[in-house]
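The next block holds one structure in the form of structure tokens; read it before the comments.
The values are calculated or read from the model by the stated rules, or taken from the named source; none is laboratory data. No experiment lies behind these values; they were computed from the predicted model shown. Cβ sites come from the backbone with ideal geometry, for glycine too, and all protein chains shown count toward neighbours. In case anyone asks, the SASA skips ligands and DNA or RNA and just uses the protein heavy atoms, side chains included. Shrake-Rupley method; radii C 1.70, N 1.55, O 1.52, S 1.80 Å.
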Amino acid sequence: MHHEQSRTRMWVTAVCMSLAGVAIGFADRAGTLTSSRTILQDLMSPGRILLLSIRQPASLQSPAENASTQTVDSQVLLAELRTSEQQRRQLIIENARLSHQLKTEFSHQKVIRSLTGDVDMADGASELLELVRQDSLSARVIRHGGLDGRLRDLMIDAGSNAGITRSEIVVDGPGLLVEKGHHQHVAAGDRVLTGAVVVGRIAQAGRWVSLVQPVTDSEFKSRAQIMRRTDDGAFYGAEGFIEGTESGICRMTGVPYTESVAVGDHVVTAEVDGTESLRLYFGQITEARFLNGGQWEIEVKPEITELTPLTEVRIIRTKIQEPAP
Amino acid sequence: MKSIVVAVGLIWMVLVLEISWPEHLPGGCLLLPVVCGTFFWFRSATGILIAGAGLLIDAILRPTTVPLSAVLLPILSVLLCSPRPVISSYAQLLRRWKLIPMALELPLFVAIAVCVDNLLRVSFHDFSFTYEWYSNRFGASFWSSLSPVLIIAVPVSGLTTLLFRTADELGLRRLNSRPSYF
């Protein structure tokens with residue numbers, strides 16, 4: 001009798017758990033598990049942090065293992081050193097160019113102020129340049145989206161305890177925010193693309209982990225600007241909105257048909273209210289056609305379509321600095 | 001209560017290990033033996049609840065096409081490890097449909113669980129009903145994903161069986177949770 005009761009209870013529980021499994025399968029397809037996934041990853045975080053802290057130190061490895069690790073390490077360090085040196089030189093050049101541009105801008109402003117007599121407004125504008133400051137924070141990728149070949153979500157090990165909030169832009173790579181290899185061809189007076197490639201934005205920030213919404217997600221939307229590279233440098237074109245489509249391709253909307261758009265143009269982040277912010281790279285235009293509503297329908301192939309190779313990302317944070325009283 | 005706390009802690013630790021070191025531990029290689037071990041240790045609705053919850057959490061954290069293991073394993077566990085009346089005679093023993101040696105029950109269950117778990121990890125993008133597809137694509141993909149998990153999961157389940165038997169010998173398990181050793 002006791003066995004029968006126990007078996008009945010077991011059957012009821014098993015069927016309930018199975019139904020819960022089916023429900024989770026459907027909920028996952030509908031994309032309603034995002035918040036619970038972040039919460040569960042947060043619950044796992046204390047253990048993960050503990051595991052990372054007790055990883056075997058290099059001194060405890062065997063001599064052969066140590067030697068091979070050192071060789072690999074030195075090679076990696078050498079490559080990093082070369083990259084850093086290259087980046088340093090590029091940044092020096094860029095810095096010099098920007099200083100020159102700034103001086104020219106100030107001299108122009110002085111001329112305009114002397115002509116118009118609008119002294120207060122110009123002073124306010126120069127203060128505004130210092131109001132917004134951008135910095136970046138490095139984060140390790142915990143896990144990529146679940147299904148093979150589907151760019152669904154990305155979990156990183158930085159959360160609200162590191163000051164991460166929703167909607168912050170996430171870019172690829174562990175290094176500095178530099179352009180993707182076109183610095184050398186920039187002529188004096190050109191505006192330089194100094195952004196890294198946009199991976200997505202923070203969809204949800206937990207305490208220790210955050211969920212990244214990739215650029216190809218159907219709910220991703222951001223302001224963007226078309227940029228055309230010519231022999232005379234880079235020229236910025238029309239602004240619009242870049243949206244994800246779930247199919248691995250992004251769509252740019254809000255560009256009027258009077259604007260010049262061509263296949264092969266690049267799409268970067270737009271300036272925020274005229275402030276000099278970092279320009280980050282989205283991708284390249286692969287198709288553009290007119291719509292009946294007097295707009296362009298533009299297809300953009302994002303630079304990052306697979307999240308799997310990413311091991312480290314950076315989060316761009318925009319801080320507003322309050323002026324001293 | 002103590003065993004419940006230990007089981008919950010163990011499942012949490014195993015999940016942390018598998019999520020933190022995916023490059024070293026293939027998915028399910030430790031979780032499935034621990035979950036199946038939980039089914040076998042409790043042999044009750046509590047065990048199914050704890051282990052099933054572990055499988056559900058795993059299905060949320062590492063989504064697959066269909067969370068097949070979370071759906072099927074609780075039902076399979078009832079079929080395999082629900083308590084039965086004690087067999088009093090040799091004739092009753094012979095009539096029993098299931099004559100798997102006790103030591104092999106858990107490793108066998110783990111092997112089935114691993115197969116079920118890996119079934120839908122195989123890519124079905126180019127699915128066709130041809131023998132070539134089955135033998136070349138499906139077979140190769142299935143076995144290549146299955147073997148690294150089995151290499152770890154089966155020995156772990158064997159060790160777990162040994163621990164269970166030792167615990168039974170030392171009287172560390174409740175009498176109503178113990179299997180009927182004839």
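When region A:203-251 is filtered for residues that are of a type in the set (Phe, Trp, Tyr) and open to solvent by less than 10 Å² (accessible area, probe 1.4 Å), only A:220 remains. In this structure, does residue B:19 turn out to be more than 15 Å from the chain's Cα centre (by Cα) and either assigned to a loop (DSSP other than H, G, I, E, B) or at pLDDT below 90 (or both)? In short, yes.
Can you tell me which residue within region B:4-17, out of those that are more than 14 Å from every other protein chain (Cβ to nearest Cβ) and free of Cβ contacts under 8 Å to residues at least 40 places away in the same chain, is farthest from residue A:51 (Cα to Cα)? Only one residue fits best here, namely B:5. Looking at B:27, B:9, B:37, just one residue is open to solvent by less than 10 Å² (accessible area, probe 1.4 Å) and either touching a helix residue (DSSP H, G or I) at 6+ places or on another chain (Cβ under 7 Å) or not in a loop (DSSP other than H, G, I, E, B) (or both), and that residue is B:37. Being of a type outside the set (Asp, Glu), outside any loop (DSSP other than H, G, I, E, B) and modelled with pLDDT under 75, is that true of even one residue in region A:205-225? For region A:205-225, residues of a type outside the set (Asp, Glu), outside any loop (DSSP other than H, G, I, E, B) and modelled with pLDDT under 75: present. Within this structure, residue A:44 passes the test of being within 8 Å of another protein chain (Cβ to nearest Cβ), under 33 Å from the mean Cα position of the chain (by Cα) and at pLDDT 75 or above.
Residues of region B:59-74 that are open to solvent by less than 10 Å² (accessible area, probe 1.4 Å), at the interface with another protein chain (Cβ under 7 Å from one of its Cβ atoms) and of a type in the set (A, V, I, L, M): B:61, B:70. Filtered by the rule that a residue be open to solvent by 10 Å² or more (accessible area, probe 1.4 Å) and more than 7 Å from chain A (Cβ to nearest Cβ), region B:47-58 gives B:50, B:53, B:58. The requirement of being within 7 Å of another protein chain (Cβ to nearest Cβ) and of a type outside the set (Ser, Thr, Tyr) is not satisfied by residue B:33.
Modelled with pLDDT under 70 and among the aliphatic types (A, V, I, L, M): is that true of residue A:272 in this structure? So residue A:272 fits the description; yes.
Look at region A:1-21: where a residue is at the interface with chain B (Cβ under 7 Å from one of its Cβ atoms) and a partner is assigned to a helix (DSSP H, G or I) and open to solvent by 70 Å² or more (accessible area, probe 1.4 Å), sitting 6+ places away or on another chain with Cβ atoms under 6 Å, you get A:13/B:49.
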